[in-house]
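Colleague: The following block contains the structure, expressed as structure tokens.
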Amino acid sequence: MIGDLSGKTALVTGASGGLGAHFAQTLAKAGASVTLAARRRDALEEQVDEIIGSGGRANAAALDVTDPTSVAAVFSNDPFDIVVNNAGVQTTTPAIALETVEWDKVLDTNLKGAFLVAQAAAKAMKEAERGGSIVNIASILGIRVAGALMPYAVSKAGLIQMTRSMALEWARYAIRVNAICPGYIETPLNADFFGSEPGQALIRRIPQRRLGQESDLDGALLLLASDAGRYMTGSDIVVDGGHLVSSL
Ligand code: NAD
């Protein structure tokens, strides 16, 4: 069956809420045994219970993607077949006023963190000689820009190029590395903004005239994570209701 992940193990970073929690549920529903990771292990209990309650397999791990020791600890056991680099942060300070501490936080999490996790994943996959799939969660802001999101856009553009570089180097180990570039997806964190007039105006600029829902990303995730995407590596899949092709 296309997208079947029975017998596979998966890791999702930043899985305590938002898209990460949804990705973990989607992979578990497809049959994978999923490790949900976040800085605070206790923040993951609800998500893990939900997956197990609906018949899936899941466990929790503490992971700060910016800390190499923490990353190494998560990869100290068996390798994962699928790794979803989802943890991410943003800042909305205009570039002219941006403090280096904000720049560092966004780049350290979104780019260096994704590198540390992908490298640790690839080392373990290579050693086990069974390959795997790494899915980096980038953004349409890695391709175009929006105001007051400079470090975020830079980090996601870097993540797309990192995806291609890793894909090139690791294909020989049967490791596939791809990215998903979501457009604006509705989550509890941004619901207030999209209910406001500026948020509604933004939605009117999306050709499909609606926000993405978390489930709109399931197709791309399962394609890249499973054998259905076995000849895909170095790709970035845009899932944005046509936002990137909005009229200039
Ligand atoms: P979110 O803030 O709800 O989730 C981000 C998660 O990352 C949180 O659980 C947070 O705790 C975790 N995290 C942050 N720093 C971490 C660290 N150092 N170590 C481990 N975990 C850490 O945001 P979201 O909307 O669910 O976004 C998830 C991913 O999707 C991000 O990479 C984001 O850039 C990307 N994305 C989201 C949208 C959207 O519209 N929601 C669009 C495009 C891309």
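FYI, it's all coordinate maths here, none of it is from the lab. In this text the structure is predicted, and so the values were computed from the model without any measurement. Positions of Cβ are generated from backbone atoms using ideal geometry, with glycine treated the same way; all protein chains shown enter the neighbour counts.
Colleague: Loop-only check: which GluC sites (Glu not before Pro) in region 43-123 are DSSP coil with at most 12 other Cβ within 10 angstrom?
Modeller: Answer in residue order: E99.
Colleague: Report the Cα centroid-to-centroid distance between region 191-227 and region 119-172 in angstrom, as an integer.
Modeller: Each part's Cα centre sits 21 Å from the other's.
Colleague: When the label point is put 7 Å from the Cα of I2 along its Cα-to-beta-carbon vector, which residues of region 132-149 have a backbone N closer than 12 Å?
Modeller: Backbone N within reach: none found.
Colleague: Further question: For a protection proxy built on the mean count of beta-carbon atoms within 10 angstrom, sort 188-197, 174-183 highest first, please.
Modeller: Order by mean packing, descending: 174-183, 188-197.
Colleague: Quick check for you: which residues of region 174-199 have the amide N under 20 Å from the point 7 Å beyond the Cα of T92 toward its beta carbon?
Modeller: Label zone hits: 182-199.
Colleague: Still on this structure, I have one more. Estimate the FRET efficiency between S165 and K112 by the formula 1/(1 + (r/R0)^6), using the beta-carbon distance for r and 22 Å for R0, to the nearest 0.05.
Modeller: 0.95
Colleague: From the helices alone, meaning DSSP H stretches of at least four residues, give me the mean residue ellipticity at 222 nm for the chain, per-run term -39500 (n - 2.57), in deg cm²/dmol to the nearest 500.
Modeller: Mean residue ellipticity, 222 nm, calculated: -11000 deg cm²/dmol.
Colleague: Could you give the length gained by full extension between A201 and T69, i.e. 0.36 nm per residue of separation minus their alpha carbon distance, to one decimal place?
Modeller: Contour length minus the Cα-Cα distance gives 43.1 nm.
Colleague: Additional query: Based on the alpha carbon coordinates of the chain, what radius of gyration and maximum Cα-Cα distance (Dmax) apply, in Å?
Modeller: 17.4, 53
Colleague: Projected area of region 58-145, taken from the Cα convex hull and averaged over every viewing direction, in nm²?
Modeller: Orientation-averaged projected area of the Cα hull: 6.9 nm².
Colleague: So if we plug the beta-carbon distance of R210 and A43 into 1/(1 + (r/R0)^6) with R0 = 30 Å, what FRET efficiency do we get, rounded to 0.05?
Modeller: The pair R210/A43 has a calculated efficiency of 0.50.
Colleague: Provide the net charge surrounding M162, with neighbours chosen by a C-beta distance below 15 Å and charges set as Lys +1, Arg +1, Asp -1, Glu -1.
Modeller: Residues near M162 contribute +1 overall.
Colleague: Which whole-number percentage describes the relative contact order of region 9-239, with Cα contacts under 8 Å and a sequence gap of 6 or more?
Modeller: Taking the mean separation of contacting Cα pairs over the length of region 9-239, I get 18 percent.
Colleague: Whole angstrom only: what separates the Cα centroid of region 36-50 from the Cα centroid of region 53-68?
Modeller: 6 Å
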